[in-house]
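Down below is the structure, laid out as structure tokens.
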Amino acid sequence: MNKVVLIGRLTKDPELKFTPTGTSVTTFTLAVSRRYKKEGQPQADFIQIVAWGKTGEGVANYKKKGALISVAGRIETRNYEAKDGTKRYVTEVIAEEIIFLDYENTQQGQAQQDNTIPGDYFGNGGMTEIEDDSDMPF
């Protein structure tokens, strides 16, 4: 089974691009805190995320650097030959679900009234934004 769930903050604004066929792809880096501190200092891992289609467009259109989000997906590895002829290896998370965890970082006037952002979130056509934790089942 290849499944990963991460909660972290965007390290910079997401980058939205389109393939030659018109498919959208968004890339961003997520800073995820580690549970343990080294010498009293907090540590984080910086994980590359790739989100295809409406899921990626929702992140690119509604979230900016510093936004707190949850990403569920799978880990993929790939390699390519760099311009200098060396082989490079890349490990990244392919996002299958993205949930926005902070309301403050959403662009003013961009979110729909019900706080649902268009996307491929479990194929239901939207990602739900959580304003406060009173709606949480736990």
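The values are calculated or read from the model by the stated rules, or taken from the named source; none is laboratory data. As the structure is a prediction and not an experimental result, all values here were calculated from the model. Glycine gets a Cβ as well: all are built from the backbone with ideal geometry, and neighbour counts include every protein chain shown.
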By residue number, the members of the stretch 1-54 that are farther than 15 Å from ILE69 by Cβ, of a type in the set (S, T, N, Q) and out of contact with any Lys or Arg (no Cβ under 7 Å at 6 or more places or on another chain) are THR19, THR21, THR23, SER24, GLN41
Selection over the stretch 92-111 where residues are over 14 Å from GLY58 (Cβ atoms) and at pLDDT 95 or above yields a count of 3
- Query: Quick check: is even one residue across the stretch 35-50 among the hydroxyl-bearing types (Ser, Thr, Tyr) and either modelled with pLDDT of 95 or more or in contact with a Pro (Cβ under 9 Å, 6 or more places away or on another chain) (or both)?
  - Reply: no
